[in-house]
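Since the structure comes first, as structure tokens, the remarks are kept for the end.
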Amino acid sequence: MMIMGTSKAFGFQDQESFSQYKGEVTDASSNKPLVFATLSVEGTNISTITNTEGSFQLKIPNSIIEDGTVIVSFLGYKSKSIPIAQLKSNRNKISLVVSVTELTEVNINAPKDARALVRETLARKGDNYFDDPTLMTAFYRETIKKRKRNVSLSEAVVNIYKSPYTSIRRDAVELYKARKSTDYSKLDTVALKLQGGPFNTLYVDIMKYPEYIFSEGSIQNYRFTFSRSTRINDKLIYVIRFDQLETISEPLYAGELFIDVDQKTLTSAIYTLNITDKVKAAKLFVRRKPAKVDVWPTEVAYRVDYREKGGRWYYGYSNVLLEFKVDWDDKLFNSVYSMTAEMAVTDWEKNLSGELPKNRDRIKKSIILSDEAIGFSDPDFWGEYNIIEPEKSIESAIRKIQRQLRRARTKEGNSAP
């Protein structure tokens, strides 16, 4: 059964009132795809990102196309402004040039204490991030692969009722529209399910939920060092490396924080979980399993990106990668599965009334998205809502689901009296 709530998601008046643009964002010199580059419509809150192949899909209201501009940005590159009227419906190739940081500039602005900079950044979230309740529309995708083959695909448009960054109130999430299909025959009788759905990605918002990685008690268990400097949107960004201390045995994290030194703002974070002690690491993720099987995490990785509007920053995108090895006692070979969840904010508006969805419409933090394959047979399922362009493997999985649905309908038609 698919959970549906009262729609507060943003959309255009009808499906004829928007235009769709597709293409890819690449490095100007190497021609390599730029993964998770941001495309935003200037003067609006409409945005999307490129996928892991550098491809994008962006839907824009026709009313703003004539005079509108798309801003394309990526960490370490010069941003590019493109008039929407110059875009094609398909095969837009946008190349970005690396932004060079002057050594003199780095030396002048270089802070001295990496740990102190991280603490100050976390402490200043009330100055630098949204301080009003915000209603966001986001696209969520969840995939399970056996080795490199998709065996489960879930997608959803959700409404996020984001509380101010200084508030202790947790964000509420409402499921607007979703579809899912799982090939359980390929799961070795182990029904892998990702509990939490969109909350898995929402809680990667470090500035809103620092307790999951840098609580007041655990931040002292890390070593912070300056790694390098880069740029985003012509702003100087310092990259701070963090690793757990050798004396700490509990699984903690290691990665990089991208901090705007002038504003003391976290713009991105990329990090992984320490899975050296696989027993302790497994306990963090595996809720239930058969007695004759061991399940070990082999990789756990996270990413969060923030966007800026009017001098304030907000959560824009995050993803989670969980890779597991499933080892049966009575089988010669083990299986490797990967679960990926990602969510991108595609539009937002201030929610000054503080309105929240009714409890019956909120999705629970323990949610497991239910199977609803029928949406994959509708090419216009998402209508006017912006989504993350599917990678080629996902497009292939969708085509397979469509074929299965067509065969099922044909079979039903032939068996009808």
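The values are calculated or read from the model by the stated rules, or taken from the named source; none is laboratory data. Predicted model only: the values in this text are computed from it and were never measured. Using ideal geometry, Cβ is built from the backbone for each residue, glycine included, and neighbour counts are taken over all protein chains shown. What goes into the accessible areas is simple: the full protein's heavy atoms, side chains included, and nothing from ligands, DNA or RNA. Shrake-Rupley method; radii C 1.70, N 1.55, O 1.52, S 1.80 Å.
Among the residues of the stretch 327-345, are any closer than 20 Å to E211 by Cα and either at pLDDT 95 or above or assigned to a loop (DSSP other than H, G, I, E, B) (or both)?
no
For the stretch 322-362, enumerate the residues that are among the aliphatic types (A, V, I, L, M) and either in contact with a Gly (Cβ under 6 Å, 6 or more places away or on another chain) or open to solvent by 50 Å² or more (accessible area, probe 1.4 Å) (or both).
L332, V345, L352, L356
With the requirement that a residue be within 19 Å of S393 (Cβ to Cβ) and over 13 Å from the mean Cα position of the chain (by Cα), what does the stretch 35-64 give you?
E53, G54, S55, F56, Q57
Can you tell which of S40, S55, S73 is of a type in the set (S, T, N, Q), surrounded by 18 or more Cβ atoms within 10 Å (Cβ to Cβ) and in contact with a Pro (Cβ under 8 Å, 6 or more places away or on another chain)?
Exactly one of S40, S55, S73 is of a type in the set (S, T, N, Q), surrounded by 18 or more Cβ atoms within 10 Å (Cβ to Cβ) and in contact with a Pro (Cβ under 8 Å, 6 or more places away or on another chain), namely S55.
Please find, among W313, W296, the residue that is open to solvent by 20 Å² or more (accessible area, probe 1.4 Å), among the hydrophobic types (A, V, I, L, M, F, W, C) and farther than 24 Å from R223 by Cα.
W296
Quick check: is even one residue across the stretch 196-206 polar (S, T, N, Q) and either in contact with a helix residue (DSSP H, G or I) (Cβ under 6 Å, 6 or more places away or on another chain) or in a loop (DSSP other than H, G, I, E, B) (or both)?
Filtering the stretch 196-206 down to residues polar (S, T, N, Q) leaves 200-201.
This time we only want the ones that are either in contact with a helix residue (DSSP H, G or I) (Cβ under 6 Å, 6 or more places away or on another chain) or in a loop (DSSP other than H, G, I, E, B) (or both), so: none.
Scanning the stretch 196-206, I find no residue that is polar (S, T, N, Q) and either in contact with a helix residue (DSSP H, G or I) (Cβ under 6 Å, 6 or more places away or on another chain) or in a loop (DSSP other than H, G, I, E, B) (or both), so the answer is no.
For the structure I just gave you, tell me whether L369 is in contact with a Lys or Arg (Cβ under 6 Å, 6 or more places away or on another chain) and open to solvent by less than 20 Å² (accessible area, probe 1.4 Å).
In short, yes.
Every residue, every condition in (1) open to solvent by 20 Å² or more (accessible area, probe 1.4 Å); (2) under 24 Å from the mean Cα position of the chain (by Cα); (3) farther than 22 Å from K309 by Cα; (4) in contact (Cβ under 8 Å) with a residue 24 or more places away in the chain, yes or no:
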{"residue": "E66", "(1), (2), (3), (4)": "yes, no, yes, no"}
{"residue": "K78", "(1), (2), (3), (4)": "yes, yes, no, yes"}
{"residue": "L87", "(1), (2), (3), (4)": "yes, no, yes, yes"}
{"residue": "N92", "(1), (2), (3), (4)": "no, yes, yes, yes"}
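Between residues in the stretch 265-293 that are aromatic (F, W, Y) and residues that are surrounded by 16 or more Cβ atoms within 10 Å (Cβ to Cβ) and assigned to a loop (DSSP other than H, G, I, E, B), which pairs lie under 8 Å by C-beta distance while being six or more apart or on different chains?
Qualifying pairs under 8 Å: Y271/I213.
Of R179, R223, which residue is crowded, with 19+ Cβ neighbours inside 10 Å and basic (K, R)? I'd like the intermediate steps shown before the answer.
Numbers: R223 fails: crowded, with 19+ Cβ neighbours inside 10 Å.
Matching residue, one of R179, R223: R179.
Here are some residues: W328, W313. Which one is within 30 Å of N128 (Cα to Cα) and either in contact (Cβ under 8 Å) with a residue 40 or more places away in the chain or over 17 Å from the mean Cα position of the chain (by Cα) (or both)?
Criteria check complete, one pass: W313.
Give the residues of the stretch 348-398 that are in a loop (DSSP other than H, G, I, E, B), in contact with a helix residue (DSSP H, G or I) (Cβ under 6 Å, 6 or more places away or on another chain) and not hydrophobic (A, V, I, L, M, F, W, C), sorted by residue number. Don't jump to the end; show me each part of the working.
Initial filter on the stretch 348-398 (in a loop (DSSP other than H, G, I, E, B)): 351-358, 363-371, 378-391.
From what is left, the residues that are in contact with a helix residue (DSSP H, G or I) (Cβ under 6 Å, 6 or more places away or on another chain) are 365, 381.
Matches in the stretch 348-398: K365 only.
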